[in-house]
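Q: Pasting a structure here, questions to come.
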Amino acid sequence: MLPLKSESVSPRPQGAKTNLQMYVVEGGRPLRGTVRISGSKNACLPLMCAAMLANGTTVLENVPDLRDIRSMISLLEHLGARVIFKNNRLMIDSTGFDTDWVPYEMMRKMRASMYAFGPMISRLGKAAVSKPGGCNIGARPIDLHLRGFRALGVEMVERKGYVHARHNGLTGADFSLAGETGPSVGATCNVVMAAALAKGKTVIRDAAREPEVQELCHFLNAMGASIDGIGSSTLLVDGVERLRGITWRVIPDRIEAATFAIAGLITGGDIVLQNVEPAHMTATLWALRRWGAEVEHIGTDSFRIYRPDDSTRMPMRLVTEPYPGFPTDAQPMLVALLGVTPGNSQVVETIYPDRFMHVEEFNRLGARMARGGNGVHIDGVPRYEGAAVMASDLRAGAALVCAALAANGESQIRRIYHVERGYEAFERKLAALGANIRRVEETPVDPAVVAGPPASPFESEEAVLMPSVQSMFTPLSRAIDLTETETRF
């Protein structure tokens, strides 16, 4: 039989000259209408690697067409799989799985390439992966992954930037995956994939409970695995000899849903989100209701979200936490919303304490925000002012788009390749809701450099002198202390 070829073609031919693109957003338009949420990228990536555990064909439906999905397809093809991706349907034939290493270039493009480690160890008995590098949202080490694999009997050596691993048979064990900032979603997914084919029983304590982890466990069970305790912090895995290929529909993306919900609220809009799983968004919707949003559920997989009037907007002090708490991936979008909420707000980040590179970009839009330890202080302003800003990572880029939608005038969001990693047809979905957003080639310099210096605002009757950021709040020299006044789910 002829090898199957991936039909997930990049927007530009390989080897073609690529130019960076940016979003140009004219703010001030309320978003109205209905938007359909795509499948979850964070759920799909481990499912794609888990498909390699079965010696046969697996079909995934509701797969978003994203850069990260295409990168994972390239990785699976590198490992020997045959892949077809068309119309959000992904077919993976793992019969030819015979490659036991992941190169640096693939790991550099996408940290989720680490998910291939578990299937390589389980199916091939050995593996070599490049250690992932740094990340713009803070340190994301793989020590918990390695701890779990060692507990299952894997021997590992680090050499020249690679982790080399081998074993003489995976054996069930009882161990904890607790980390300094809580459970690890990546480590839990990776280790449970290996444990599914290990000999005997495995008890994974302090496991992550996120919906994406639950999705993987249900997926593996449908393939023939035996996993109990799904949704709890203790997973019980009874190893089996083999897994079979199946057809599976990927859950909706709860972070994309949170992004569109906040985009609607920040613009004073009224939107309906379809293809969502409200049970996965309990903490997010709870926080938005406390802010002043109205949420009306429509059936089992849709809801309407809007704000009745400006007087309902309330500042808050919120803490990000592992699921079922408020998700760290929605933190930048919430910060954007609180930036134009009257009063003083604080957001404390407990998962990635350094995940605040977007704060300075918000300040370029006229926000009044100041970092302090592992948190950010926010003094809400009446509105944002359009400016040129730069996305530092996936969620920061989406949050900047939300802010630009609510800004007075035109904004440019650069480095949108970050955003395209996690949002399918982002600008088209926003435009369908009424946003004035378009994608253009990045200009080499700020338009102001070409047009001349900006007009001085000091002669304007509306001019308000801005105090230094340091004078806005009492500086914090260490992490924000957690108190009973914080908003926790």
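The values are calculated or read from the model by the stated rules, or taken from the named source; none is laboratory data. Because the structure is predicted, anything quoted here is derived from the model rather than measured. Virtual Cβ from ideal backbone geometry, glycine too; neighbours counted across all protein chains shown. With ligands, DNA and RNA removed, areas are computed over all heavy atoms of the protein, side chains included. Shrake-Rupley method; radii C 1.70, N 1.55, O 1.52, S 1.80 Å.
Q: Only one residue in L90, L60, L4 is in contact with a strand residue (DSSP E or B) (Cβ under 6 Å, 6 or more places away or on another chain), more than 27 Å from S392 (Cβ to Cβ) and at pLDDT below 95. Which one?
A: Result: L4 is the single residue among L90, L60, L4 that is in contact with a strand residue (DSSP E or B) (Cβ under 6 Å, 6 or more places away or on another chain), more than 27 Å from S392 (Cβ to Cβ) and at pLDDT below 95.
Q: Hey, another quick one. Looking at segment 225-247, which of its residues are basic (K, R) and in contact with a Gly (Cβ under 6 Å, 6 or more places away or on another chain)?
A: Across segment 225-247, the qualifying residue is only R244.
The rows are residues; the columns are (1) assigned to a helix (DSSP H, G or I); (2) more than 29 Å from G292 (Cα to Cα); (3) among the aliphatic types (A, V, I, L, M); (4) at pLDDT below 95.
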site: C402; (1), (2), (3), (4): yes, no, no, no
site: V440; (1), (2), (3), (4): no, yes, yes, no
site: F458; (1), (2), (3), (4): no, yes, no, yes
site: I480; (1), (2), (3), (4): no, no, yes, yes
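Q: Go through the residues of segment 260-267 one by one and say whether even a single one is outside any loop (DSSP other than H, G, I, E, B), surrounded by fewer than 22 Cβ atoms within 10 Å (Cβ to Cβ) and of a type outside the set (F, W, Y).
A: No - not one qualifying residue is present in segment 260-267.
Q: For segment 105-213, please list each of the helices (runs of 4 or more DSSP H) lying entirely inside it that holds at least 3 residues being acidic (D, E), open to solvent by less than 10 Å² (accessible area, probe 1.4 Å) and over 30 Å from F356 (Cβ atoms).
A: none
Q: Let me ask you something else. Please enumerate the residues belonging to segment 258-288 that are under 22 Å from L45 (Cα atoms) and in contact with a helix residue (DSSP H, G or I) (Cβ under 6 Å, 6 or more places away or on another chain).
A: A258, T259, V276, H280, M281
Q: Moving on. Can you say whether A279 is closer than 28 Å to M91 by Cα and hydrophobic (A, V, I, L, M, F, W, C), as far as the supplied structure shows? Steps first, please.
A: Values: closer than 28 Å to M91 by Cα: no; hydrophobic (A, V, I, L, M, F, W, C): yes.
Judged against the criteria, A279 is not a match.
Q: Just one of the numbered conditions (1) farther than 27 Å from R414 by Cβ; (2) surrounded by fewer than 24 Cβ atoms within 10 Å (Cβ to Cβ) is not true of P353; which one?
A: P353 satisfies every listed condition except (1).
Q: Which condition does L243 not pass, out of (1) part of a helix (DSSP H, G or I); (2) open to solvent by 10 Å² or more (accessible area, probe 1.4 Å), if it passes all the others?
A: (1)
Q: Residues that are of a type in the set (S, T, N, Q) and either touching a Pro at 6+ places or on another chain (Cβ under 6 Å) or modelled with pLDDT under 95 (or both): does segment 373-392 have at least one?
A: Yes, segment 373-392 contains a residue that is of a type in the set (S, T, N, Q) and either touching a Pro at 6+ places or on another chain (Cβ under 6 Å) or modelled with pLDDT under 95 (or both).
Q: Against the condition in contact with a Lys or Arg (Cβ under 6 Å, 6 or more places away or on another chain), open to solvent by less than 10 Å² (accessible area, probe 1.4 Å) and polar (S, T, N, Q), how does T320 come out, does it pass? Walk me through it before giving the result.
A: On the way: in contact with a Lys or Arg (Cβ under 6 Å, 6 or more places away or on another chain): no; open to solvent by less than 10 Å² (accessible area, probe 1.4 Å): yes; polar (S, T, N, Q): yes.
No, not satisfied.
Q: What are the residues in segment 77-101 that are open to solvent by less than 60 Å² (accessible area, probe 1.4 Å), among the hydrophobic types (A, V, I, L, M, F, W, C) and more than 26 Å from S38 (Cβ to Cβ), if any?
A: The one that is open to solvent by less than 60 Å² (accessible area, probe 1.4 Å), among the hydrophobic types (A, V, I, L, M, F, W, C) and more than 26 Å from S38 (Cβ to Cβ): F97.
Q: For segment 395-422, name all the residues that are under 22 Å from T328 (Cβ atoms) and either polar (S, T, N, Q) or open to solvent by 10 Å² or more (accessible area, probe 1.4 Å) (or both).
A: R415, Y417, H418, E420, R421 - these are the residues of segment 395-422 that are under 22 Å from T328 (Cβ atoms) and either polar (S, T, N, Q) or open to solvent by 10 Å² or more (accessible area, probe 1.4 Å) (or both).
Q: Can I ask one more? Which members of segment 83-98 meet the condition of being in contact with a helix residue (DSSP H, G or I) (Cβ under 9 Å, 6 or more places away or on another chain) and of a type outside the set (D, E, K, R)?
A: V83, F85, L90, I92, S94, G96, F97
Q: Across segment 361-382, what is the total count of residues that are in contact (Cβ under 8 Å) with a residue 24 or more places away in the chain, assigned to a strand (DSSP E or B) and open to solvent by 10 Å² or more (accessible area, probe 1.4 Å)?
A: Here the count works out to 3.
Q: Among the residues in segment 21-36, are any within 24 Å of E212 (Cβ to Cβ), in a loop (DSSP other than H, G, I, E, B) and open to solvent by less than 10 Å² (accessible area, probe 1.4 Å)?
A: No, segment 21-36 has no match at all.
Q: Just checking, does segment 68-76 include any residue being part of a loop (DSSP other than H, G, I, E, B) and either in contact (Cβ under 8 Å) with a residue 12 or more places away in the chain or open to solvent by 10 Å² or more (accessible area, probe 1.4 Å) (or both)?
A: no
Q: If you don't mind, another one. I'd like to check something: does segment 313-320 contain any residue that is under 20 Å from T267 (Cα atoms), without any contact (Cβ under 8 Å) to a residue 60 or more places away in the chain and hydroxyl-bearing (S, T, Y)?
A: no
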